[in-house]
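Worksheet for the structure shown next.
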Amino acid sequence: MTSNPLIMTKFEATSTAEDVVAGLDLSDVRAIVTGASSGIGLETARALASAGAEVTLAVRNPDAGAKAAEDIAKSTRNERVRVAALDLANHASVATFVQNWNGPLHLLINNAGTIPRTLSRTAEGWELQFATNYLGHFALSLGLHSALAVGASERGEARIVMVSSTAHMRSPVVFDDIHFEQREYDPQAAYAQSKTADSLFAVEATRRWAADGIVANTVNPGGVATGLQRDFTQKQKDYLAEAEASGVFVYKTVEQGAATTLVAAVAPEFAHTGGHYLTDGQEAHTVPNDADLFENSDGVKQWAIDPDTAQKLWTVSLDFIGF
C-alpha cells in the first residue's frame, strides 16, 4: 500500500464539499451519514443531496436531525433526505438501525464522534470515545455489509468513509488497556486511540470486502471548529492553540472540512481502492510512529495503517460486540 505512488486528485486544502461534487449526478446513490445534524456531517450530507443522492441522516437526536434535513432539503431542493435515530454508544440502537434499513446502500460515511472531558463508560463498561467513535461504527458497518454488497453489485462500487483526525498521531490502539481500566484517563489519548482505530478499520474492511465491491478509506478533515470541541478541557484548548500557532493547521471552514470526506466518497480515484488515509484531498504519506505531530501533520503514522494491527483490532472488536 505505502510502496505504491500516492493517489493524488485535483482537490486541495481550500477545496470545498461543493467543489468536489460539482457536475456529478448521484441520483442513483443511497447514502448514510452518521452525526449529520451539525458540523462536517451536515455539510457532507448537504453536498451529497445537492448532487441528487438519497441521504439518511443517522443521528443521536432525531429532533436536531429533522431540522438539519429540512435545511438540506430547502437548500438543495432535494426531498430525498431522511432521518433515523442512531446512538453509536448503544449497541441495541445500532442493531435497530441496521434492522430497519431496507434495500441497497452505496455509501456509508462514518462521521459521528464525541470528545467528553471526563471518563465516561457505556453500559458494557467500554470507554465512551472508543465505543462511539470506533466500535459503534464497526458494528454499524458489519451490520450493513450485505446492503453495501447489494449496492456494489448494482452500481459497480460501494464505499465506506471513516472520519479520523491528525490526533491519531498521539496514540496507537493500546490493546492491553483499550478502555482505560488501568491507566489514567486522558481525553486526548482516548480520542487519538479511537481515531487510529477508525483508520485501521478501513485497512481491514477493504482486505475483507474488496471482493464484494466494497472499499473503505479514512479521511482527516483538518482543523475545523465544530460542536465537537464544546466539552474540551483547557488543556485541549491550549493544545489546539499551540498547534495553530506552530502552523500545524490553519482552521478550515466547515465546507472545506467536509471536502476530503467527499473526495473519498465520490472521487473516481478512490472508487476501487481502499485502506488509504487522505488529507487535504490527497492520499497522505506515511511517517514513522515516533514522528513529531507538529512537523508531520499532513502524514499518517504507520500504526494507523498497519495491516497486521488492523487484523488484530478486527478480531478484538468482534469479541467486544459479540458479532
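Distance from the Cα centroid of the stretch 287-323 to that of the stretch 47-97 is 29 Å (rounded to whole angstrom). From least to most packed, judged by other beta carbons within 10 angstrom and beginning with the fewest, Asp280, Asp28 follow the order Asp28, Asp280. Direction-averaged projected area, Cα convex hull, the chain: 14.8 nm², rounded to one decimal. One Cα centroid belongs to the stretch 263-279, the other to the stretch 109-162; the line between them spans 18 Å.
Which one of Val287, Thr34, Gly103 is farthest out on the positive end of the charge dipole of the stretch 17-317, using unit charges on Cβ (Lys, Arg +1; Asp, Glu -1) and the Cα centre as origin? Of the options given, the answer is Gly103. Rounded to the nearest 20, the Cβ-based charge dipole of the chain about its Cα centre (Lys and Arg +1, Asp and Glu -1) stands at 660 debye.
GNM on the chain, alpha-carbon springs under 10 angstrom: the most fluctuating residue among Pro187, Pro172, Pro288 is Pro288. When all alpha carbon pairs of the stretch 112-166 are counted in 10 Å bins from zero, the resulting P(r) reads 21, 40, 25, 13, 2 %. Computed over the chain, the per-residue total of -39500 (n - 2.57) for DSSP H runs of n ≥ 4 gives a 222 nm mean residue ellipticity of -11500 deg cm²/dmol, rounded to 500.
Contact order for the chain, expressed relative to its length and based on alpha carbon pairs under 8 Å spaced 6+ residues apart, stands at 21 percent. Of Lys10/Lys312; Lys195/Lys312; Lys252/Lys301; Lys10/Lys252, which pairs sit farther than 25 Å apart, going by alpha carbon to alpha carbon? Exceeds cut-off: Lys10/Lys312.
A short reminder: the numbers here are calculations on the coordinates, not readings from a lab. Every value quoted in this text rests on a predicted model; they were computed, and no experiment measured them. All Cβ positions, even for glycine, are placed from backbone atoms using ideal geometry, and neighbour counts span all protein chains on display.
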